[in-house]
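The values are calculated or read from the model by the stated rules, or taken from the named source; none is laboratory data. Computed from a predicted structure; not experimentally measured. Note: ideal-geometry Cβ built from the backbone for every residue, glycine included; neighbour counts use all protein chains shown. Keep in mind that these areas ignore ligands, DNA and RNA; they rest on the heavy atoms of the full protein, side chains included. Shrake-Rupley method; radii C 1.70, N 1.55, O 1.52, S 1.80 Å.
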Amino acid sequence: MTEAILKITDLQTHFFTDNGEIPAVDGVSITVNKGEVVGIVGESGCGKSVTSLSIMQLVPSPPGKIVGGAIQYKGEDLLTASKKRIKDIRGNEISMIFQEPMTSLDPLFTIGNQIREAIRIHQKISKKEASRKSIEMLKLVGIPRAEEVMNDYPHQLSGGMRQRVMIAIAMACEPEILIADEPTTALDVTIQAQILDLMKKLNKEKNTAILMITHDLGVVADICDRVIVMYAGQVVEEGTTREILKDPSHPYTKGLIRSIPKLHEKDQKLYSIPGTVPKPKLGVVGCRFKDRCEFAHDRCFSDSPELFSLGNSRHSRCFLIDDPERKVAQDAAANIGSQ
Amino acid sequence: MQQPILEVNNLKKYFDIRGGVFGKKVGEVKAVDDVSFSVNPGEILGIVGESGCGKSTTGKSILRLIEPSDGEVKFEGQDITKLNAESMRKLRRDMQIIFQDPYASLNPRHTVEKIISEPLLIHGMSKQERKSRVKELLEVVGLSSYHASRYPHQFSGGQRQRIGIARALANNPKLIICDEPVSALDVSVQSQILNLMEGLRDQFNLTYIFIAHDLSVVKHISDRVGVMYLGRLVELTDKDSLYDDPKHPYTKALLSAVPLPDPDIEKERIILEGDVPSPSNPPTGCAFHTRCPMAMEICKNIRPNFEQVEVNHFVACHLYNGAEQ
Ligand SMILES: Nc1ncnc2c1ncn2[C@@H]1O[C@H](COP(=O)(O)OP(=O)(O)OP(=O)(O)O)[C@@H](O)[C@H]1O
Ligand SMILES: Nc1ncnc2c1ncn2[C@@H]1O[C@H](COP(=O)(O)OP(=O)(O)O)[C@@H](O)[C@H]1O
Ligand code: SF4
Ligand code: SF4
Ligand SMILES: [Mg+2]
Ligand SMILES: [Mg+2]
């Protein structure tokens, strides 16, 4: 039996700005099971970060506000939990790492100080014991000269080392779930490979669930069991990594996969989705992808597609699912296009 | 044999590191350290490497946007490193650059019209001629003439990159150095710009030096690819040889590190230890020896030469050097 650790249901996180209300996250539901690695992919501005920040109520407020939905951690409602309870969970049971590790480390304190404190907030152990554990964690994430690095300040480390320190801090308390928002986007590929390896190891050895936010489908293939594809504040497709990458259903997912140059394939003409990612706004009528979709038809302009089920945990927010005849035409067109 | 449009010989750029109250020179960063390559007309030469390895400095030194410390840059047979400012300005019509962040390189207070027509001023074109040229250029890059009166902030990242490209094209250049032109763009927009750039190359018979850190993008667009590490070229060959038969241990590690968007491909990943060393204090011998899984005793002391080990396949590594003799 799979056990849901994190269950986000119909999340609505909006920003109230001078230019009006922005529904950055508009009805997102995501479940992460114990020990599972779930990816959220999508292009910039589609709401990945706001979704992840909402979980721990870290959305800057104002202008941001969670205006609807529920977030449950092991059955406990986080949106109604006390501040103290959230603080307790944060870092202890749910850890987060962000894209730019410099902004999440305090420049005024040594690395040792910061890891030690992170451990001691959640575990009642002596300073000495915490130091020992800190060094152990730094070694585990592959920091050379761990004892010396304990006395270094963040600016003395490279970007890759800082990110490894962040992971060490995030992992120090052996959380149930690690939320990683583009943890390798700012890093070089050889360093990214180190970090991804490390995260896979932690997932295997400690059974830590991971919610991996990325725009890189390569990273998804490398580490994720299941994938959520977001577009304009909504989930548009969901399935196992294999289903999404090998047999995508939604026209946006299909287009995205065909748009990336592939290292392992011989020269191909790149497909490109026309137009650009729309800014989220209230009161959109019809499918949010309609202006860029080559299969858009009447219904796409008048109604908003729901997340149709394709069996098991597969979903796709597209009317074609509901309309077998058109679906056949779409598949045929896609085949011609990819030849 | 075809005469290369650009020939770079032993290019070096060292930046001084200054410190102390009097700003005395306390060291130097060897950002580009003895780089040589040539580019044929109509070719796209890709340059890849990790952050800080000297890609942008190479590109800027070629155009003399920063002055090279040493070496030769021959454009159509002429060494341009010695040209005076006036001759250089004339030559810049033929050699253009496009940057990663189109926003930073477009004046926010100027209209698109003004931005694109600025390079045309040296021609003594009439206002009307310039206007129609701007309109033509906007259409070439997939924008519309009504965009001419707008300001950069009114465009998306991809559109701004199109404006940067239109400006670079204004004087019908022969060579364009593209420094990470799609790195800041979303995947769906990136493919639009890549396709546009490929089309323009064919349409106007352009030559590109295409700098990027994304190996898949570079492979897609380039004819030949050079790999840089710590200010030096370590491997240079045509793209299929590079991706099918990489020789330098760094190239192998770099290629193996790229995660592929295909769950069926299980690849052996070479995980490199540690980080790229600082270019202000590069390792002795082969600069890669501190991270190289194949390092030998000789690598610590003697720098391998950049040599041709197969037809059109250049490598700087003791595993291959001397193999031909
Ligand atoms: N004006 C400068 N003064 C001093 N050092 C510099 C200067 N410009 C670049 N450098 C240094 O030269 C080296 C090469 O820099 P360069 O910008 O060429 O790298 P790059 O390969 O383009 O990296 P990236 O992928 O991050 O753009 C780096 O160590 C950099 O810090
Ligand atoms: N502090 C903020 N104020 C106003 N709008 C915001 C704020 N943060 C994010 N947004 C908007 O919310 C949307 C989703 O953003 P985000 O979750 O950061 O996207 P991404 O998927 O790239 O992580 C974007 O349109 C963004 O402009
Ligand atoms: S619902 Fe219509 S517009 Fe939206 S993705 Fe499906 S076919 Fe395209
Ligand atoms: S010269 Fe030596 S250290 Fe350098 S890449 Fe070759 S084997 Fe590795
Ligand atoms: Mg984000
Ligand atoms: Mg650069």
Solitary cysteines of chain A, where the nearest other Cys Cβ is not under 4.7 Å: A:Cys46, A:Cys173, A:Cys224, A:Cys293, A:Cys318
Sequence-separation-based contact order of chain A, relative, with Cα cut under 8 Å and 6+ spacing, percent: 20 percent
Kirkwood Rh in Å, taken over all unlike Cα pairs in chain A: 21.3 Å
Scattering profile of the range B:217-325 at q = 0.10, 0.14, 0.18, 0.23 Å⁻¹ [log10 I(q)/I(0), Debye over alpha-carbon scatterers]: -0.30, -0.59, -0.95, -1.38
Cα-based reach from B:Lys114 at 19 Å (exclusive), listing lysines while leaving out same-chain residues under 8 positions away: B:Lys127, B:Lys131, B:Lys135
Considering only chain A, percent of DSSP beta bridges that pair antiparallel, nearest 5: 60 percent
Average accessible surface area per residue within the range B:22-81, 1.4 Å rolling probe, Å²: 38 Å²
Hz values of 3J(HN,Hα) by residue in the range B:63-77 - Karplus curve (6.51, -1.76, 1.60), Gly and Pro given as x: 7, 6, 6, 10, 6, x, 7, 6, x, 10, 10, 9, 10, 6, x
Cross-link reach list, lysines versus A:Lys281, counting only Cα pairs under 26 Å and skipping chain neighbours closer than eight places: A:Lys7, A:Lys48, A:Lys65, A:Lys254, A:Lys290
Projected label distance in nm at A:Ser302 and A:Arg145, using a 7 Å step from Cα toward the beta-carbon: 7.0 nm
Largest-first ellipsoid semi-axes for the range A:105-172, taking √(5λ) over the Cα gyration tensor eigenvalues, angstrom: 18, 12, 11
P(r) tail fraction, the range A:10-49 - alpha-carbon pairs more than 11 Å apart, %: 71 percent
No Cys partner within the rule (Cβ under 4.7 Å), chain B: B:Cys53, B:Cys178, B:Cys292, B:Cys317
Across A:Lys269/B:Lys239; A:Lys84/A:Lys127; A:Lys266/B:Lys239, pairs whose alpha-carbon gap is larger than 21 Å: A:Lys84/A:Lys127
Percentage relative contact order, the range B:18-92, counting C-alpha pairs under 8 Å, at least six apart: 17 percent
Percent breakdown of C-alpha pair distances by 10 Å bin, ordered from the shortest bin, for the range A:242-338: 14, 46, 32, 8, 0
Local electrostatic count at A:Ile135 - Lys and Arg +1, Asp and Glu -1, tallied over other residues with Cβ under 12 Å: +2
Estimated distance in nm for a label pair at A:Asp88 and B:Asn40, the labels positioned 7 Å out from Cα along Cα-to-Cβ: 7.1 nm
Square roots of 5 times each gyration tensor eigenvalue, C-alpha, the range A:1-134, largest first, Å: 29, 19, 14
Inter-chain shielding of A:272-280 (mean C-beta neighbours from other protein chains, 10 Å cut-off): 4
Protein accessible area in the range B:166-295, 1.4 Å probe - carbon and sulfur %: 46 percent
Between the range A:1-60 and the range B:261-325, the Cα center-to-center distance that results, in Å: 43 Å
Potential lengthening between A:Asn207 and A:Arg242 on full extension [0.36 nm per residue; Cα-Cα distance subtracted]: 10.5 nm
Carbon plus sulfur fraction of accessible area for the range A:10-154, probe 1.4 Å, in percent: 53 percent
All Cα pairs of the range B:108-172, percent lying beyond 15 Å: 41 percent
Members of the range B:175-195 that become less accessible by 50 Å² or more once partner protein chains are added (1.4 angstrom probe, chain alone as reference): B:Asp186, B:Val187, B:Ser188, B:Ser191, B:Gln192, B:Asn195
B versus A: buried accessible surface, summed, Å² (probe 1.4 Å, to nearest 100): 3500 Å²
Estimated FRET transfer efficiency (A:Asp10, A:Lys128; beta-carbon r; R0 56 Å; 0.05): 0.75
Beta bridge orientation in the protein assembly as shown: antiparallel %, DSSP, nearest 5: 60 percent
Cα-based convex hull, the range B:64-118, per residue volume (Å³, whole number): 116 Å³
Around B:Gln128: net Lys/Arg minus Asp/Glu count, Cβ-Cβ under 15 Å: +2
Shielding by partners, peptide B:274-281 (average Cβ within 10 angstrom, other chains): 3
Computed Kirkwood radius, in angstrom, where 1/r is averaged over Cα pairs of the range B:8-157: 18.3 Å
Additional length obtainable on full extension of the chain from B:Lys82 to B:Ser149, 0.36 nm per residue less Cα span: 20.2 nm
Packing-based order for A:47-57, B:289-299, A:77-87, using average beta carbon neighbours within 10 Å, highest first: A:47-57, B:289-299, A:77-87
Förster radius 22 Å - calculated FRET efficiency between B:Leu91 and B:Lys114 (Cβ-Cβ, nearest 0.05): 0.40
Value of relative contact order over the range A:105-172, rounded to a whole percent, pairs C-alpha under 8 Å and six or more apart: 47 percent
Probe 1.4 Å, protein heavy atoms only - accessible area per residue of the range A:242-338 in square angstrom: 54 Å²
Shape metrics for the protein assembly as shown, restricted to C-alpha atoms - Rg then Dmax, Å: 26.4, 79
Surrounding net charge for B:Leu200, when Lys and Arg each add one and Asp and Glu each subtract one, Cβ distance under 15 Å: -1
Reduction of at least 30 Å² in accessible surface, 1.4 Å probe, comparing all protein chains with the chain by itself, residues of the range A:223-243: A:Arg242
For the range B:241-303, alpha-carbon Rg relative to the globular expectation (2.2 N^0.38 Å, N residues): 1.30
Ellipticity estimate at 222 nm from DSSP helix runs (n ≥ 4, -39,500 (n - 2.57)) divided over the protein assembly as shown, nearest 500: -9500 deg cm²/dmol
Number of partner chain Cβ atoms within 10 Å, mean per residue of A:38-46: 2
Mean shadow area of chain B, taken as a quarter of the surface of its Cα convex hull (nm²): 20.0 nm²
Whole-number accessible area per residue in Å² for the range A:29-139, which is evaluated in the context of all protein chains at 1.4 Å: 47 Å²
